[in-house]
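What follows is a single structure, written as structure tokens, with notes after it.
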Amino acid sequence: MRRRLAVAAALILLVATASMPLDAYVPPRIVRLAYEIEQRGVVYSWGGGHSDDPGPSKGTCKGYRGKIKPCPARRTRGLDCSGFTRWVYALAHGQDVLGPGNTNDHVRKMRRVGSPAPGDLVFFGKITKKSVKTHHVGIYLGQGKMMNAPETGAVVRIDDIARKKDFAGFYRY
């Protein structure tokens, strides 16, 4: 019964959006904000975005294992993956709902969903009932894509979810 309802809902959505002019679709606020940040060319910085307030900040070299040596984070103003999602969610919700913690801290504030919607977060790592060991997060855009701050030397960008190892699931605030 649930499956039939889900299929029916998907068909209704498909028919409704297929008949809409392309410019009539309005993405969720979280997705719009993620695209706005991506357009700014914000660079990746290990630990960036974890100051008292969300947004770009200089990073840290504590725990850094990136390819670029020596670690550039202390002199680079930018965002890491969880700093990026923290900033977007703070802008969308009008307050810092995820807080300054890392991906492990953020996933604990959310609930797992089986059917993702644009704006949900996609986590990578291992999440069990006993432990949380995540290493990456991005904002789900739909169609297997995410917006993320991927690595040192890159800018906030769109990537295929399947390109990243250790998919842990979709989560919603």
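The values are calculated or read from the model by the stated rules, or taken from the named source; none is laboratory data. In this text the structure is predicted, and so the values were computed from the model without any measurement. Neighbour counts run over all protein chains shown; Cβ positions are idealised from the backbone, glycine included. These area figures cover heavy atoms from the full protein model, side chains too; ligands, DNA and RNA do not enter into them. Shrake-Rupley method; radii C 1.70, N 1.55, O 1.52, S 1.80 Å.
With r defined as the distance between the Cβ atoms of ASP96 and ASP166 and R0 fixed at 25 Å, what FRET efficiency is calculated, to the nearest 0.05?
The value I calculate is 0.40.
For the full complex of protein chains and a 1.4 angstrom probe, list GLU151, GLU38 by accessible area with the highest value first.
Correct descending sequence by accessible area is GLU151, GLU38.
Which shape class applies to the stretch 86-146: rounded if a/c is under 1.5, otherwise prolate when a/b exceeds b/c and oblate if not, where a ≥ b ≥ c are the square roots of the Cα gyration tensor eigenvalues?
oblate
Mind giving me the nanometre distance, one decimal, between the label points for ARG75 and GLN39, set 7 Å out from Cα along Cα→Cβ?
Here the modelled spin labels are 3.2 nm apart.
Among 83-93, 98-108, 158-168, how do they line up by average Cβ neighbours within 10 Å per residue, starting with the highest?
83-93, 98-108, 158-168
Give the peptides 137-147, 67-77 in descending order of average Cβ contacts within 10 Å, highest first.
Going by the mean number of other Cβ atoms within 10 Å, highest first, we get 137-147, 67-77.
By the gyration tensor of its Cα atoms, with a ≥ b ≥ c the square roots of the eigenvalues, what is the shape of the stretch 14-173: rounded for a/c under 1.5, prolate for a/b over b/c, or oblate?
Here the stretch 14-173 falls in the prolate category.
Return the carbon/sulfur percentage of the accessible area of the stretch 118-173, one whole number, probe 1.4 Å, all protein chains in place.
Using a 1.4 Å probe with all protein chains present, the stretch 118-173 comes out at 49 percent carbon and sulfur.
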